[in-house]
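> I have a structure I would like to understand better, so I am pasting it below and will then ask my questions one at a time.
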Amino acid sequence: MHSEHARQRLIRENLQFAGSGGVSQENADQGFRPAFRDCETLAIYPSRFADGRAAPFHLVDGLPAEAIEARDARGRVLRIKDSVVSGFVRNGRFYTREEASRALATLH
């Protein structure tokens, strides 16, 4: 998936899940941390800035090489694997945005 496409997908997901607990700003106080999961390998990648620092929202720039299909000469992500999806990690478990939304509803 091309980087711009991935960024647009993240924007659409944020709009779709706004108000439901399926976005970082609404669930961080309950221990949900933005992450990605590769649906093929089941590897989970916490969202990170390109320099490795934990990111408080979803960023593709900090994904590891195994989740990336292409980078430009500067190292910026050009394309991520289609099998990589956004979600959250809480207490060691990955949640899709839908699962995080449902989980948050039961916590309140």
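> Determine whether residue 93 is at pLDDT 85 or above, among the basic types (Lys, Arg) and touching a His at 6+ places or on another chain (Cβ under 7 Å).
Criteria not met by residue 93.
> Determine whether residue 62 is part of a loop (DSSP other than H, G, I, E, B) and exposed (fewer than 12 other Cβ atoms within 10 Å of the Cβ). Walk me through how you get there before you give the answer.
On the way: part of a loop (DSSP other than H, G, I, E, B): yes; exposed (fewer than 12 other Cβ atoms within 10 Å of the Cβ): no.
Answer is no for this residue.
> Might you check whether a residue that is surrounded by fewer than 19 Cβ atoms within 10 Å (Cβ to Cβ) and in a loop (DSSP other than H, G, I, E, B) occurs anywhere in region 21-30?
Within region 21-30, not a single residue is surrounded by fewer than 19 Cβ atoms within 10 Å (Cβ to Cβ) and in a loop (DSSP other than H, G, I, E, B).
> Give just the number: which of (1) assigned to a helix (DSSP H, G or I); (2) of a type outside the set (Val, Ile, Thr); (3) touching a residue at least 60 places away in the same chain (Cβ under 8 Å) does residue 95 not satisfy?
Among (1) assigned to a helix (DSSP H, G or I); (2) of a type outside the set (Val, Ile, Thr); (3) touching a residue at least 60 places away in the same chain (Cβ under 8 Å), residue 95 violates only (1).
> Tell me which residues, restricted to region 46-58, are surrounded by 18 or more Cβ atoms within 10 Å (Cβ to Cβ) and either more than 20 Å from residue 13 (Cα to Cα) or not small (Gly, Ala, Ser) (or both).
Answer for region 46-58, where residues must be surrounded by 18 or more Cβ atoms within 10 Å (Cβ to Cβ) and either more than 20 Å from residue 13 (Cα to Cα) or not small (Gly, Ala, Ser) (or both): 48, 58.
> Moving on. Only residues that are of a type in the set (Phe, Trp, Tyr) and either more than 23 Å from residue 31 (Cβ to Cβ) or in contact with a helix residue (DSSP H, G or I) (Cβ under 7 Å, 6 or more places away or on another chain) (or both): list them for region 72-95, please. So that I can check it myself, show each step before the final result.
Step one: of region 72-95, the residues of a type in the set (Phe, Trp, Tyr) are 88, 94-95.
The answer is 88, 95.
> Follow-up. If the requirement is being out of contact with any helix residue (DSSP H, G or I) (no Cβ under 9 Å at 6 or more places or on another chain) and not β-branched (Val, Ile, Thr), which of these qualifies: 98, 69?
Selected residue: 69, the only one of 98, 69 that is out of contact with any helix residue (DSSP H, G or I) (no Cβ under 9 Å at 6 or more places or on another chain) and not β-branched (Val, Ile, Thr).
> If you scan region 41-54, which residues turn out to be in a loop (DSSP other than H, G, I, E, B), within 16 Å of residue 6 (Cβ to Cβ) and either among the charged types (D, E, K, R) or at pLDDT 95 or above (or both)?
Of the residues in region 41-54, the ones in a loop (DSSP other than H, G, I, E, B) are 41-43, 47, 49-53.
Filter once more, so that each one left must be within 16 Å of residue 6 (Cβ to Cβ): 47, 49-50.
The answer is 47, and nothing else.
The values are calculated or read from the model by the stated rules, or taken from the named source; none is laboratory data. Keep in mind that this is a model prediction, so the values were computed, not measured. Note that we place each Cβ from the backbone using ideal geometry, even for glycine, and neighbour counts take in every protein chain shown.
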